[in-house]
1. If neighbour count is taken as other Cβ atoms inside 10 Å, put 53, 58 in order from fewest to most.
2. Spelling out what I want: for every residue of region 56-67, take phi, set θ = phi - 60°, compute 6.51 cos²θ - 1.76 cosθ + 1.60 (Karplus), and round to whole Hz; glycine and proline get x.
3. Could you sort 35-46, 8-19 so that the peptide with the highest average Cβ count within 10 Å comes first and the rest follow in order?
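Just so it is clear, none of the values below were taken in a lab; they were calculated from the coordinates. What you see is a predicted model; the values in this text were computed from it and never measured. Here the Cβ positions follow ideal geometry from the backbone for every residue, glycine too, while neighbour counts run over all protein chains shown.
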Amino acid sequence: MFELGPAAQEMSRLVSGVRDDQLDYPTPCPDWTVADLLAHVHQFATVFTHNARKSQARPPEDLVDDWRVAIWSVPAFVDSRLSRQFVNVSES
């Protein structure tokens, strides 16, 4: 089983430090802005949470206007115990 708590906490720290004026900044990922990367993180967390619950996910395609509220409403960020609960990779 993977412990995702530390990674979720670090992601939370990084995301909470983003200012609106930084959304158009470039990232180390070619052709991706900070807004693109935040949208990707939101999409991933949404899909991860829905898959863990075995429900259909409909993540947003772009960064939503209320992205700070939206990202923190995804349980994978709010409670890293969700991540620990559902990620169990057995060694082959």
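1. 58, 53
2. Along region 56-67, the couplings run 6, 9, 10, x, x, 7, 10, 5, 6, 4, 9, 4 Hz.
3. 35-46, 8-19
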